[in-house]
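One structure is given here, and the rest of the page talks about it.
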Amino acid sequence: MLPEGNVPESIPHYEIAEQIRAVLAAWAEGLDRPVRLARNLAIRWLERLPQIGIDPDVCVLDPAPPDADTLVSLCLWKPGHFAPSLCFEVVSANHPHKDYKDVHERYAAVGARELVVFDPFLLGPASLGGPMRFQLWRTDACGAFERVATGDGPVYSEVLGCWLSASDRELVFSNDRAGRERWQSREERERTEKERERAEKERALARVEELETRLGKTTD
């Protein structure tokens, strides 16, 4: 197994991965336990070979390590450092073969409960069975890391307890399979709340204007 190599990150790849992180960060805020989200965090599992590892595009640290605020890398031999419960890989135009060939072997070695490989632009090579919008890998009861779902989605994440689907190039998290009860990032929640408040204000002003119009007609 070779060390994880650095792959340049394009703007579309960054934006998709950041959208995933932002939605999951908002989800984590509502939990009653310490859960952290990380982007491109170095995960290492062999103390004698610290150069061997993987850097997920996004990963869920549940539970979060005690040194999460200053964490440089997740070293699974250290106390309080546990394998991520869920990892995401966004297929990159710079290196589409990686996420179709043997990336799951690294996550099996890490001990991740679930891995989602998201290919929003359908870049996966046909020679490796691609392209597929989703690949969902999961550790079963016997400890085997198996691919349990492929295709356009939706797919169900047991770790999150939600459905994953695609809308254009965006990964959608939702409570329902149809994707109507969507999870939002903190920014999206704030924007939705502001839009709701503005709509309520406009309705209130319209009622006042209507009432004034009626009173004016009565006076006349």
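Brief remarks on what is shown
- The chain - charge dipole about Cα centre, Lys and Arg +1 at Cβ, Asp and Glu -1, debye rounded to 20: 200
- Residue of CYS162, CYS142, CYS75 that the Gaussian network model of the chain assigns the largest fluctuation, springs spanning Cα pairs under 10 Å: CYS142
- The chain, relative contact order in percent, only Cα pairs under 8 angstrom and at least six apart counted: 14
- Accessible area of the stretch 13-155 belonging to carbon and sulfur atoms, whole % at 1.4 Å probe: 51
- Two-site FRET efficiency, PHE82 against SER167, from Cβ-Cβ distance with R₀ of 25 Å, rounded to 0.05: 0.20
- Residue with peak Gaussian network fluctuation, the chain [Cα springs, cutoff 10 Å], from LYS78, LYS194, LYS98: LYS194
- Approximating the spin labels as points 7 Å out from Cα along Cα→Cβ, the ARG198-to-THR70 distance works out to 4.4 nm.
- When the GluC sites (Glu not before Pro) in the stretch 82-159 are filtered for DSSP coil states and for at most 11 other beta-carbon atoms within 10 Å of their beta-carbon, no site remains.
- Only DSSP H runs of four or more residues enter the estimate; each adds -39500 (n - 2.57), and after division by the residues of the chain the mean residue ellipticity at 222 nm equals -10000 deg cm²/dmol.
- Whether the stretch 1-110 is rounded, prolate or oblate, judged on the alpha carbon gyration tensor where a/c under 1.5 counts as rounded: oblate
- Karplus-derived HN-Hα couplings along the stretch 34-48 (A = 6.51, B = -1.76, C = 1.60, θ = phi - 60°), whole Hz, x at Gly and Pro: x, 10, 10, 10, 9, 10, 6, 6, 5, 10, 10, 10, 10, 4, 6
- Each 10 Å bin from 0 upward holds the following percent of the Cα-Cα pairs of the chain: 7, 29, 32, 14, 6, 5, 4, 2, 0, 0.
- Accessible area in square angstrom per residue, the stretch 64-220, 1.4 angstrom probe: 59
- Unit charges on C-beta of K, R, D, E only; dipole of the stretch 1-106, Debye: 260
- Loop trypsin sites (Lys or Arg not before Pro), the stretch 10-81 (other Cβ atoms within 10 Å of the site Cβ: 14 or fewer; DSSP): ARG48
- Acute angle (nearest 10 degrees) that the helix 186-219 long axis makes with the longest principal axis of the chain, alpha-carbon atoms: 10
- Stretchable slack from CYS142 to ARG177, in nm (0.36 nm times residue separation minus alpha-carbon distance): 9.8 nm
- Distance in nm between pseudo-label sites at ARG207 and LEU128 (7 Å out along the Cβ direction from Cα): 5.8
- Applying the criteria of a DSSP loop state and at most 15 other Cβ atoms within 10 Å to the chymotrypsin sites (Phe, Trp or Tyr not before Pro) of the stretch 40-134 yields TRP77, PHE82.
The values are calculated or read from the model by the stated rules, or taken from the named source; none is laboratory data. Treat the numbers as computed from the prediction; the structure is a model and nothing was measured. Glycine gets a Cβ as well: all are built from the backbone with ideal geometry, and neighbour counts include every protein chain shown. Protein only, heavy atoms only, side chains kept; ligands, DNA and RNA dropped before computing areas. Shrake-Rupley method; radii C 1.70, N 1.55, O 1.52, S 1.80 Å.
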